[in-house]
1. Can you work out D for the stretch 280-348 in µm² s⁻¹ from Stokes-Einstein, where Rh is the Kirkwood radius over C-alpha pairs, the temperature is 4 °C and the viscosity is 1.567 mPa s?
2. Just to be sure I understand: if I project the alpha-carbon convex hull of the chain onto a plane and average over all orientations, what area do I get in nm²?
3. Kindly work out what percent of the DSSP beta bridges joining two residues of the stretch 32-352 are antiparallel, to the nearest 5.
4. Estimate the FRET efficiency between Ser201 and Ala368 by the formula 1/(1 + (r/R0)^6), using the beta-carbon distance for r and 56 Å for R0, to the nearest 0.05.
5. Indicate the gyration tensor shape class of the stretch 110-235 (rounded, prolate or oblate), computed on the Cα atoms with a ≥ b ≥ c the square roots of the eigenvalues: a/c under 1.5 is rounded; otherwise a/b larger than b/c is prolate and the rest oblate.
6. Evaluate E = 1/(1 + (r/R0)^6) for Met30 and Arg100, where r is the Cβ-Cβ distance and R0 equals 22 Å; express this FRET efficiency to the nearest 0.05.
7. Just from its helices, what would the mean residue ellipticity at 222 nm be for the chain, if runs of 4 or more DSSP H residues each count -39500 (n - 2.57) and the sum is divided by every residue, rounded to the nearest 500 deg cm²/dmol?
8. Measure off 7 Å from each Cα along the Cα-to-Cβ vector at Asp229 and Trp92, then give the distance between these two points in nanometres to one decimal.
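Since every read-out is calculated from the coordinates, none of them should be taken as a lab result. Everything quoted here is computed from the prediction, not taken from an experiment. Don't worry about glycine lacking a Cβ; one is built from the backbone with ideal geometry, like all the others, and counts go over all protein chains shown.
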Amino acid sequence: MPTDSRDHASPDVPPRQPGPINLNRYETEMAWQGIQTFMKLPVCLTPEDLRAGKIDAAIAGVPWDQTAMTRSGTHLGPKAIRACDHLPSPPWSRPHLHVRVDPFEHLNVCDYSDAEVIIGNTERTFTNIRAFVGEILSGGALPIILGGDHGITWPVATAIADHYGYGRIGMVHFDAHADTAPDMQGELAGHGTPMRRLIESGAVLGRNFVQVGLRGYWPGPDVVAWMEDQGMRSHFMAEVQRHGFDTVLERAVNEALSGSADLLYISVDVDAVDPAYAPGTGSPEPGGLASADVLRAVRRLAAEVGMVAMDIVEVSPPYDSGNNITALFAHRCVLEGLTGTAMRRLGLTEPDYLDPRAAEGPGPIRTAGDV
Ligand SMILES: [Mn+2]
């Protein structure tokens, strides 16, 4: 039973056959033309639409921002991420040049629009989010969720656990911050607490958490000790600096399902990358990862481990640079997740698979006489 206000939709809208709805007037439209959807993909509004369209992955927004204590604006994230792409959308070919796979050739992808947020009411909003993600799963699609602040990972991952079973999710979490606070000024929900809530509820067990990119001056020793007690595997930037990102990524890929989990959820807080690459975010922390590192990590996890859900959170367009680089980074995280998912379908699951034409350089210079 939907909890949102679709119950009260206009009775004047005529019934329609279920299935994806194409909103494009022309075959080729850019992201900023016409009616905005992610990559100009068709829209689905119900699980029946998803099933009728045999949708593999549904991209959906959760425009929730509760974080006025830091720098707000993440409720504008989904809109900015949808609009920032600057290349022609499918049916134009969009192959990933490093692996030579076009995810849209192998996956049916749609835009599932946004969850309904109730301004000022966290509890009703989170109930909506949980039901909304549950709809996507009941339609047989993999949810890729655009935040919104990181608080939304509590209801989103809970919906994944509702569907597949508590304790089955392994969470690989890219972030500057651990997001394991017991509360925020007494509030249980917030963008600093979602991982704590998931562990407490049993939706995601502490030993099934792999965190990458932690740094800075928060949380304090009591919370870090709690994280260690839970068996969380936290990879700090110090480890990246000492051993290199390749080594840490290899460890994270191997750890993703090494606890007691068998299903991967990827959560990307854009502040995992350095503010130089992602200034448009609520809680920037200098000294972070490169965007190229996180993009490659998402693709490798999706290809080599396989994911059942993903979120990309904390894009705050009012703080983004004039080129929307933070929104664009989030957009490309989605494309890497889709590319990795398509690679897995194609059997390209070997460690760090790259197409040799991209990875080995062009070789000797060819001349006109060469065959
Ligand atoms: Mn976070």
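1. Working: Rh = 12.9 Å.
Translational D for this selection: 101 µm²/s.
2. On the way: hull surface 82.9 nm².
Computed as one quarter of the Cα hull surface, the answer is 20.7 nm².
3. Values: 3 of 38 bridges.
Bridges in the stretch 32-352 that DSSP calls antiparallel: roughly 10 percent.
4. Working: r = 67 Å, r/R0 = 1.20.
After rounding to 0.05, the efficiency reads 0.25.
5. Values: a/c = 1.92, a/b = 1.46, b/c = 1.31.
Note, shape of the stretch 110-235 comes out prolate.
6. On the way: r = 24 Å, r/R0 = 1.08.
Step by step, r from the Cβ atoms, then E = 0.40.
7. Numbers: 12 runs with 117 residues, N = 371.
Per the formula, -9000 deg cm²/dmol.
8. Once both label points are built, they end up 5.4 nm from each other.
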